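These notes concern the structure reproduced below.
The values are calculated or read from the model by the stated rules, or taken from the named source; none is laboratory data. No experiment lies behind these values; they were computed from the predicted model shown. So basically every Cβ, Gly included, is an ideal-geometry build from the backbone, and we count neighbours across all protein chains shown.
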Amino acid sequence: MDKRILVVEDEEDILNLYMDVLRDAGFDVDGAENGKEALEKFEKNEYDLVILDIRMPVMDGIETLARILEHRKDVKVIINTAYGSYKDNFLTWGADAYLIKSSSMEELVNKVKELLNV
Amino acid sequence: MDIEFEKLWRISRELHLSLAPDEALCKILTALTAGEGLAFNRAFLYENKGGVLALRMKIGAETEEEAYKVWEEISKKPHGLEDLLKSCEEKTFDLEPSRIVEIPMDNVPDGFFENGPVKIEKPEELPDVFKRVIDYLPAAIVPLRGENHLLGIIIVDNKFNKDPITEIDIRTLELYAALASNVIERTILFQKLQKKQDELEKAYRELQEYHKRVLKLEKFAAVGEIASTFTHELRTPITIMGGYAELLYRSKDLPPVLLPKVETILRTAKRMETIIKNLSDYIKSPEPEIRKLKAKEFLDYLSSLLDIETKRKNIELKLYVEDDIEFHGDPSLLEHAFLNILRNSIEALKDGGVVQVECRLDNGNVLFMFKDNGPGIPPEMLKNLYIPFHTTKRQGLGLGLAITKKIILLHNGRIEIESQQGKGTTVKVYLPQRGGDKNG
């Protein structure tokens, strides 16, 4: 499978973890440390799915999401955050799923597979 | 000393000892009818109740026969005037409703009460309005005047021994009326004072309660703030730790000898996550989604959730539920609360035992009683049961009962814990039958 995923996450260790885990699951993975970097990568590459943190410096997840959707309406987006409190809003932002950060990598991988139909 | 004056002085001294209205009125009438007092045969006291004079109390026999009997008895065992008056302190006074007679003040001739006691000897002198209440003449009608209004009137007569009412009697009554009015006004003032004092005491108690609640809330708020930062800051490192452990655990390259060690890291991370989740739940204060629940169904369901734990520990979970009890509550919150209670009991029972759950109606509440025959809770622990972060367990954050209590409070219910060391613990949860929410 050659589905491409972009992980946007300002916490370097988490970024690396997710990239490792998703690569281990067989995906082609890129990372960005903030929204601005994510948009730059988005202009150069084609992604099937984005995993997006909400709280990030430079450009936060919600703004990044809006800009991404201007480019590519069909990209799948998973909001991934430490906060439970935005849970009611993610659909209105145009995201496809909402995950609260946890150590269960299985949950993350399963959600990615579900959205990408693999 | 003049005899009349000495009498009045002795009566006055006794009357001024009374602050309770009924007792004071009883003394006023007793002194009027006592042989050593003013020695009238009968005395009636009418109270001014906003434009109506209502019979409040009377002393004196109903019939001539009764009157002579009473006088004979009194003469056999002579009482001093003071003893007679003091007997009012133990009496209770209730006029039967049929005997409550009222005189409308509108129908009393103008100025009738202005000039002190009035002696009436002939029927034609008696204003119509009094004809219903005065059945014997001569009688004296004595107004009791307060500072700026009429407190009431006293009517006296000598129906049984037929003594006349003399001019001296009238002058004595005038003096006595001033004394009696003074005593009555004092009791009214005293009652007002007492009412104010009761109100003040009540307000003070409420203030104290409120103060306690505020202190408690402040404590909770402080705990909440700390806990909220704490949970958020910890979530990320735990995610990283647990995430990598999981990645390693599933890796084909991991040497088998390291597998149990990685597994331990993974399990520990999960445990930390559970702690964080419990803490978040506690801070969140959820809005309960109230539904109608059947007690039997609900408790059967909880019992099924605990099947594995109880079997493993050889514990018998007995349910005693009255049929058809329904109550209102949020099923998922109450499940959390009740499981906390039940798991505490199960944990307490080291070598098997019985956990008993009883459910019945109790004064408009649904009472859930959770009883175990475990070792009980040490007394020094009992008072700290609901305090967050207070625990004796090796594992756990000390939030279980704090969360449980919060859930019960969200349902407008209450929780009580009784425990006897060596005998066991009983937890009682009362939930209002009608439900804790506005929608019923």
(message) Cβ-Cβ under 8 Å, sequence separation 6+ or interchain: first residue in segment B:105-117 and within 17 Å of B:Gly146 (Cβ to Cβ), partner among the acidic types (Asp, Glu). Which pairs?
(response) B:Gly116/B:Glu174; B:Pro117/B:Glu174
(request) Output the residues belonging to segment B:410-420 that are exposed (fewer than 13 other Cβ atoms within 10 Å of the Cβ) and not charged (D, E, K, R). (result) B:Gln420
(message) With the structure loaded, tell me whether A:Tyr47 is within 13 Å of chain B (Cβ to nearest Cβ), assigned to a loop (DSSP other than H, G, I, E, B) and touching a strand residue (DSSP E or B) at 6+ places or on another chain (Cβ under 9 Å) or whether it fails that test.
(response) no
(message) Of everything in segment A:88-105, what is acidic (Asp, Glu) and loosely packed, with under 13 Cβ neighbours inside 10 Å? Give them in sequence order.
(response) A:Asp88
(request) Using the structure shown, decide if B:Gly60 is loosely packed, with under 15 Cβ neighbours inside 10 Å and on the phi > 0 side of the Ramachandran plot. (result) no
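Residue-wise test of (1) among the acidic types (Asp, Glu); (2) more than 14 Å from chain B (Cβ to nearest Cβ).
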residue	(1), (2)
A:Asn80	no, no
A:Thr92	no, yes
A:Ala97	no, yes
A:Glu107	yes, no
(request) Quickly run through segment B:298-328 and pick out the residues that are hydroxyl-bearing (Ser, Thr, Tyr) and outside any strand (DSSP E or B). (result) B:Tyr301, B:Ser303, B:Ser304, B:Thr310
(request) Looking only at segment B:156-191, count how many residues are within 19 Å of B:Ile120 (Cα to Cα) and polar (S, T, N, Q). (result) 4
(request) State which residue is surrounded by the most Cβ atoms within 10 Å (Cβ to Cβ) when the search covers only segment B:252-283 and only residues that are more than 17 Å from B:Pro237 (Cα to Cα) and touching a helix residue (DSSP H, G or I) at 6+ places or on another chain (Cβ under 6 Å). (result) B:Tyr282
(message) Out of the residues in segment B:86-106 meeting the condition of being in contact with a helix residue (DSSP H, G or I) (Cβ under 8 Å, 6 or more places away or on another chain) and at pLDDT 90 or above, tell me which one is surrounded by the most Cβ atoms within 10 Å (Cβ to Cβ).
(response) B:Ile103
(request) Would you tally the residues in segment B:334-365 being touching a residue at least 24 places away in the same chain (Cβ under 8 Å) and under 31 Å from the mean Cα position of the chain (by Cα)? (result) 12
(request) Name the single residue, out of those in segment B:146-167 being part of a strand (DSSP E or B) and closer than 16 Å to B:Asp135 by Cα, that is nearest to the chain's Cα centre (by Cα). (result) B:Ile154
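For segment B:114-129, what are the residues that are out of contact with any helix residue (DSSP H, G or I) (no Cβ under 9 Å at 6 or more places or on another chain) and either within 20 Å of B:Arg42 (Cβ to Cβ) or in a loop (DSSP other than H, G, I, E, B) (or both)? Walk me through it before giving the result.
Going residue by residue through segment B:114-129, those that are out of contact with any helix residue (DSSP H, G or I) (no Cβ under 9 Å at 6 or more places or on another chain) are B:114-115, B:121-126.
B:Glu114, B:Asn115, B:Glu121, B:Lys122, B:Pro123, B:Glu125, B:Leu126 - these are the residues of segment B:114-129 that are out of contact with any helix residue (DSSP H, G or I) (no Cβ under 9 Å at 6 or more places or on another chain) and either within 20 Å of B:Arg42 (Cβ to Cβ) or in a loop (DSSP other than H, G, I, E, B) (or both).
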(request) Return only the number of the condition from (1) away from chain B (no Cβ under 12 Å); (2) crowded, with 21+ Cβ neighbours inside 10 Å; (3) in contact (Cβ under 8 Å) with a residue 40 or more places away in the chain; (4) not hydrophobic (A, V, I, L, M, F, W, C) that A:Asp53 does not satisfy. (result) (1)
(message) Which count do you get for residues in segment B:130-145 that are assigned to a loop (DSSP other than H, G, I, E, B) and of a type outside the set (Asp, Glu)?
(response) 7
(message) Which residue is nearest to the chain's Cα centre (by Cα), if the candidates are limited to segment B:237-264 and must be more than 7 Å from every other protein chain (Cβ to nearest Cβ), charged (D, E, K, R) and within 18 Å of A:Ser102 (Cβ to Cβ)?
(response) B:Glu263
(message) Please go through segment B:16-44 and give me each residue that is closer than 13 Å to B:Ile153 by Cβ and over 35 Å from the mean Cα position of the chain (by Cα), ordered by number.
(response) B:Ile28, B:Leu29, B:Leu32, B:Ala43, B:Phe44
(request) Report yes if A:Val58 is surrounded by fewer than 16 Cβ atoms within 10 Å (Cβ to Cβ), among the β-branched types (Val, Ile, Thr) and either in contact with a Lys or Arg (Cβ under 8 Å, 6 or more places away or on another chain) or under 18 Å from A:Leu116 (Cα atoms) (or both), otherwise no. (result) yes
(request) Could you check B:Leu217 against (1) in a helix (DSSP H, G or I); (2) modelled with pLDDT under 90; (3) within 14 Å of another protein chain (Cβ to nearest Cβ) and say which number it fails? (result) (3)
(message) For segment B:151-196: of the residues being farther than 26 Å from B:Trp71 by Cα and hydroxyl-bearing (Ser, Thr, Tyr), which is surrounded by the most Cβ atoms within 10 Å (Cβ to Cβ)?
(response) B:Ser181
(request) Could you list, in sequence order, all residues of segment A:1-42 that are assigned to a helix (DSSP H, G or I), buried (at least 18 other Cβ atoms within 10 Å of the Cβ), within 14 Å of another protein chain (Cβ to nearest Cβ) and in contact with a Ser or Thr (Cβ under 9 Å, 6 or more places away or on another chain)? (result) A:Ile14, A:Leu17
(request) Determine which single condition B:Asn161 fails, assuming it passes every other condition in (1) more than 14 Å from every other protein chain (Cβ to nearest Cβ); (2) without any contact (Cβ under 8 Å) to a residue 40 or more places away in the chain; (3) of a type in the set (S, T, N, Q). (result) (2)
(message) Can you confirm whether A:Tyr47 is modelled with pLDDT of 90 or more, under 22 Å from B:Leu266 (Cβ atoms) and of a type in the set (Phe, Trp, Tyr)?
(response) no
(message) When you check B:Ile276 against the structure, is it within 13 Å of A:Ser103 (Cβ to Cβ), facing chain A (nearest Cβ under 9 Å) and not small (Gly, Ala, Ser), yes or no?
(response) no
(request) Mind counting the residues in segment A:52-96 that are closer than 22 Å to B:Ile238 by Cα, among the hydrophobic types (A, V, I, L, M, F, W, C) and in a strand (DSSP E or B)? (result) 3
(message) I'd like to verify a number: residues in segment B:28-83 that are modelled with pLDDT under 85, touching a Phe, Trp or Tyr at 6+ places or on another chain (Cβ under 9 Å) and of a type in the set (Asp, Glu), how many?
(response) 0
